[in-house]
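For reference, the structure I am asking about is given below.
The values are calculated or read from the model by the stated rules, or taken from the named source; none is laboratory data. Everything quoted here is computed from the prediction, not taken from an experiment. Note that we place each Cβ from the backbone using ideal geometry, even for glycine, and neighbour counts take in every protein chain shown. The protein model used for the area step is the full one, side chains on, heavy atoms only, and it has no ligands, DNA or RNA in it. Shrake-Rupley method; radii C 1.70, N 1.55, O 1.52, S 1.80 Å.
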Amino acid sequence: MKYSLFAIAMSVSLYASAQNLKFEGTLAGLTGDTKVILSDMMNVKFNDTASVSTDRFILDTKLPGAGLYVLRVGLVGKSPEHRVLYLDSGTVKLAGKRGNLKAAELTGQTNYMKDWLKFDRIIQNDPILALQNRQTDTLIILAGKTGSYDGAMADTGFVRRSSETFPLADAKKTELAKAWLVQNPDSDINAYIIYKYLRWKLTDEELKRAIAQLNLAARKSLIGKILLSRVH
């Protein structure tokens, strides 16, 4: 009986803390038999499947918390593609075409989504990081020609250029992330910024100070809880 009451209490607690998300997508070329699935990347075992029709999908769900999720369009053997997103509550819209999911336009009016998109534009528009993205695309093309990464490794000039770009890109990401925290101290996505770009770049004391400055939304996010557990 005690176990049952505990289980009920936990279920109510999880339900109350869940975030309602409505995700509406328009993808030209999407067919009604295509699977569109949203899964968490924070080890909370969340999965939900969208309602799909020609060129559209709708996902009305409850997230276990704010954090990183992966949107998958198409199963293995069905031209699969995916995109990693930071999601919380509210309405999110995506517009693009099948086969080019990562280039689809993402919009939302919540504070977290506005900041996510703003920081993403900063990353995408940086010349060094844009160069690294182009080199990554080239790596995929070269690997595709031989069916393995041996094709890319055989191009010694490409390997040298990519090796030179990596430390520059890594330093640039750290620089942009630190600047974001200074310029946007109350942003809802700051736990994500710290976790993805800075957790291995800061000293223990610097990390503690950065986490201490997180706002309530960032602290309550799935990523925020992970960070807080590491400093307490």
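Per 0.36 nm of contour for each residue apart, how much would the distance between residue 148 and residue 212 grow if the chain were fully extended, relative to their Cα-Cα spacing?
18.6 nm
Have a look at 123, 211, 231 and report the one farthest towards the positive end of the charge dipole of the chain, computed about the Cα centre with Cβ charges (Lys/Arg +1, Asp/Glu -1).
231
With a/c under 1.5 counting as rounded, go ahead and sort segment 65-112 into rounded, prolate or oblate using the C-alpha gyration tensor (a ≥ b ≥ c being the square roots of the eigenvalues; past the cut-off, prolate if a/b is larger than b/c, else oblate).
Here segment 65-112 falls in the oblate category.
Who wins for biggest fluctuation among 61, 165, 138 in a Gaussian network model of the chain, springs between alpha carbons below 10 Å?
Taking springs between Cα atoms under 10 Å, the residue moving most is 138.
Please compute the modelled spin-label separation between residue 231 and residue 84, points set 7 Å along Cα→Cβ, answer in nm with one decimal.
Placing both labels 7 Å beyond Cα along the Cβ direction yields 2.2 nm.
Turning to a different aspect of this structure: Over the chain, with a Gaussian network built from C-alpha contacts below 10 Å, which listed residue (42, 113, 153) shows the highest mean-square fluctuation?
Taking springs between Cα atoms under 10 Å, the residue moving most is 153.
May I pose another question? Once you mark the chymotrypsin sites (Phe, Trp or Tyr not before Pro) that are in a DSSP loop and have at most 15 other Cβ atoms within 10 Å, what is the longest gap between them in the chain?
Formally, the longest exposed-site-free interval is 1-148.
Also, I was wondering about something else. Does the chain come out rounded, prolate or oblate, given a ≥ b ≥ c as the square roots of the eigenvalues of its C-alpha gyration tensor, rounded meaning a/c under 1.5 and, failing that, prolate meaning a/b above b/c?
Oblate is the answer for the chain, as a/c is 1.5 or above yet b/c matches or exceeds a/b.
Taking 8 Å as the Cα distance limit and 6 or more residues as the minimum spacing, I'd like the relative contact order of segment 98-232 as a percentage.
21
Still on this structure: Set the Förster distance to 45 Å, then compute FRET efficiency between residue 55 and residue 205 from the Cβ-Cβ distance, nearest 0.05.
The formula returns an efficiency of 0.30 here.
Just the accessible area for residue 168, please: 1.4 Å probe, Å², rounded to the nearest 10?
Counting only protein heavy atoms, residue 168 exposes about 100 Å² to solvent.
Just the C-alpha atoms of segment 117-232: what Rg/Rh do they give, with Rh taken as the Kirkwood radius?
Rounded to two decimals, Rg/Rh equals 1.10.
With only alpha-carbon atoms in the gyration tensor, what are the semi-axes of the equivalent ellipsoid for segment 140-192, in Å, largest first?
36, 14, 5
Name the residue from 101, 64, 87 whose Cα lies farthest towards the positive end of the charge dipole of segment 41-102, charges +1 on Cβ of Lys and Arg and -1 on Cβ of Asp and Glu.
101
Hey, another quick one. Of all the accessible heavy-atom surface of the chain, with the other protein chains kept in place and a 1.4 Å probe, what percent is carbon and sulfur?
For the chain, the apolar C and S fraction of the accessible surface comes to 55 percent.
Tell me the accessible surface of residue 68 in square angstrom (1.4 angstrom probe, heavy atoms of protein chains only), to the nearest ten.
30
Of the candidates 121, 98, 56, which one comes out as most mobile in a Gaussian network treatment of the chain with C-alpha springs shorter than 10 Å?
Evaluated over the chain, the most mobile residue of the options is 121.
For the pairs 22/225; 35/196; 178/225; 178/220; 145/201, flag any whose C-alpha to C-alpha distance is greater than 32 Å.
145/201
Could you work out the relative contact order of the chain, using alpha carbon pairs under 8 angstrom and six or more residues apart, expressed as a whole percent?
Averaging sequence separation for qualifying contacts and normalising by length gives 15 percent for the chain.
So, taking all protein chains as they sit and a 1.4 Å probe, how much accessible area belongs to residue 229, in Å² rounded to tens?
Here the residue's solvent-accessible area equals roughly 80 Å².
Continuing with the same structure: Filter the chain for me: DSSP H helices, axial length by Cα at least 27 angstrom, mean Kyte-Doolittle hydropathy not below 0.0. List them by residue number.
127-146
So, one more: If each of residue 35 and residue 124 carries a label point 7 Å out from its Cα toward its Cβ, how far apart are those two points in nm?
The answer from the label model is 2.8 nm.
What length, rounded to one decimal in nm, is gained on full extension from residue 45 through to residue 109, with 0.36 nm per residue of separation minus their alpha-carbon distance?
Going from the current span to full extension adds 20.3 nm.
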